[in-house]
Every structure is written in C-alpha cells, then in structure tokens.
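Asks: Attaching a single structure in structure tokens format; questions to follow.
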Amino acid sequence: MDGNGRWANERGLPRIEGHRRGADAVKRALKAAQENGVKIITLYAFSVENWNRPKDEVDALMQLLDRFLQEQLTELVKRKIRLRVVGRYQELPEHICERLSHVEAATAEFTDYTLALALNYGARTEVVDAARAIAQAAQAGKINPDELNYEQFAQHLYTKDLPDPDLVIRTSGEARLSNFLLLQAAYAEIYFTPVLWPDFDEKQFKLALTDYAARERRYGQTAEQLQG
C-alpha cells in the first residue's frame, strides 16, 4: 500500500495526513474485496524496515493502527471478516498487541472472509524464523532434515494457515515486491499501478481484478497442456 507520503507531499500536507487517507483506502479495499468475492486479502501494513522511519512518524502510524482496529472491530464482526495477523507483531507496543489479540479473538469464528494484516513483517525475517524453528525441531528429533520438503517448510511460515496469494497489487508506480511474501508469491500474478494508495478506490480494485482475470496461469506448463 505505497504512496501515502508522496500523496501528502504533492498536496503540501504532512506525511501523517497521507497515512490517514491511506487508512480510508484500506476500508474501501476491504469493502471492494468482499463485494467481488475475494475471500482473503493481505495488507502490508508495517514492515520490519519501517522502524527506520522518523520516530514521530512511527508513533503516528501506531496510533493510526490502534484507531483503525477500534473503529473497524464492529464492522468486521458485522461483515463476518476474520482478522489474522502475520509477522513479528509481538514486538509492537504492548497496547497494540492487546488490541490485535482482542480483535483476533472477537472474529476468530468467521471462516468465509479473512483480513490478514502484515505487521512488523519481512519475508527474509520470516524465512529466518522458519529456518530457526525447523532447526530446533530437528535438534529435538521431531523433524528429519533429509525428508524436509517445501510443504513442511511452509508450515513454519507466519502464513501457515493461509493459502498462497493469487494476485499481488503494488501501488504508486513502484515495480518491486519490497520483501513482501516472497516465498508465498512465487506463482502470484503481479499488478503494478501508478495510483498512489490514498487514491486507490473500488474502481482501481476492480481494474486489478479484471487484469488478473485476463491472464493465463500456467504454473510451469505450456498453454497447450492447459488446454488439453
């Protein structure tokens, strides 16, 4: 969800105003996803690298996250959307962790739709954590390293109970994945748009889905194999 800061700079506004408008775009994206039958949406809300931003901006982002969770709990319950957090979210401020746990618990019974928030997330960090867990399991005799395959490895990722994404949307004209779901997105379709995240609305969401629907997903096979 890139482009909040640039959106604000272009309008002579403080960066935090861009993040506030970005939070509004999140609400629109959630609504558009559900209306278009998208069962699971994962939002890259805060990366492990984002701690390097100015402290006042990080503090403001935490406040926005806290407010978003407060305001959206009723809406998530009403629309039966489960909250699932991925990443090292335990390292976030204590009151944020408590808020996340509360919302997760309040929505845990819903199974049709899921909002996954990637918080304090980084794909490389995720791989290191998974490798560490596997090494510890192997040391304890619970895993035979010689028999390890990707399916077993994936059970140690933060997203172990979530399917791999079919589509990754990157806003603001940046054409990179920025350490987001690198393993899980191995076969995902990628959609780049110049639209800054605060301007990403239901129409933009539908354009991304339309583009995705026109693509042929081969998973290493030829078009002829798929047709046959």
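Throughout, read-outs are computed from the coordinates displayed, never taken from laboratory work. Note that the coordinates shown come from a computational prediction; the quantities given were computed from them, not determined experimentally. Every residue, glycine as well, gets a Cβ built from its backbone with ideal geometry; the counts of neighbours run over all protein chains shown.
Asks: Divide by every residue of the chain the summed helix terms, -39500 (n - 2.57) for each DSSP H run of at least 4, and state the resulting mean residue ellipticity at 222 nm, rounded to the nearest 500 deg cm²/dmol.
Replies: Only helices count here, giving -14500 deg cm²/dmol.
Asks: Roughly how big is the chain's charge dipole about its Cα centre, with Cβ charges of +1 (Lys, Arg) and -1 (Asp, Glu), in debye to the nearest 20? Write out the running numbers ahead of the final one.
Replies: On the way: 30 positive and 34 negative charges, 74 e Å.
That gives a dipole near 360 debye.
Asks: Using alpha carbon centroids, what distance separates segment 1-17 and segment 62-92, in Å?
Replies: With segment 1-17 and segment 62-92 each reduced to a Cα centre, they are spaced 23 Å.
Asks: Could I ask something else about it? Say we join alpha carbon atoms closer than 10 Å with springs in a Gaussian network model of the chain; which of Ile190, Ile96, Ile134 then has the biggest fluctuation?
Replies: In the Gaussian network model the winner is Ile134.
Asks: Determine the relative contact order of the chain: mean sequence separation of Cα pairs under 8 Å and six or more apart, normalised by residue count, in whole percent.
Replies: 25
Asks: My understanding is that a pair violates if its Cα-Cα distance is over 24 Å; which of Lys39/Lys160; Lys55/Lys80; Lys31/Lys80; Lys39/Lys203; Lys27/Lys78; Lys55/Lys160 do that in this structure?
Replies: Values: Lys39/Lys160 17 Å; Lys55/Lys80 35 Å; Lys31/Lys80 12 Å; Lys39/Lys203 18 Å; Lys27/Lys78 14 Å; Lys55/Lys160 32 Å.
Too far apart for the 24 Å limit: Lys55/Lys80; Lys55/Lys160.
Asks: Counting pairs of alpha carbon atoms under 8 Å apart in space and at least six apart in sequence, what relative contact order in percent does segment 109-228 give?
Replies: Rounded, it is 21 percent for segment 109-228.
Asks: May I ask which residue of Trp197, Leu100, Ile169 lies farthest towards the positive end of the charge dipole of the chain, with charges of +1 (Lys, Arg) and -1 (Asp, Glu) on Cβ and the Cα centre as origin?
Replies: Farthest along the dipole direction, towards plus: Trp197.
Asks: Which whole-number percent gives the relative contact order of segment 56-111, counting Cα pairs below 8 Å spaced six or more residues apart?
Replies: Relative contact order comes out at 45 percent.
Asks: With only Lys, Arg, Asp and Glu charged, each at its Cβ (+1 for the first two, -1 for the last two), find how big the charge dipole of segment 121-223 is about the Cα centre; round to the nearest 20 debye.
Replies: Numbers: 11 positive and 15 negative charges, 29 e Å.
Computed about the Cα centre, the dipole is about 140 debye.
Asks: Expected output is a single nm value to one decimal: the length gained when fully extending between Gln136 and Gln152, i.e. 0.36 nm times separation in residues minus the C-alpha distance. What is it? All intermediate terms of the calculation are to be shown ahead of the outcome.
Replies: Values: separation 16, 0.36 × 16 = 5.76 nm, distance 1.42 nm.
Additional length available on full extension: 4.3 nm.
Asks: Can you classify segment 4-202 as rounded, prolate or oblate using the Cα gyration tensor, where a ≥ b ≥ c are the square roots of its eigenvalues, rounded means a/c under 1.5, and otherwise it's prolate if a/b beats b/c and oblate if not?
Replies: Taking the square roots of the gyration eigenvalues as a ≥ b ≥ c, segment 4-202 is prolate.
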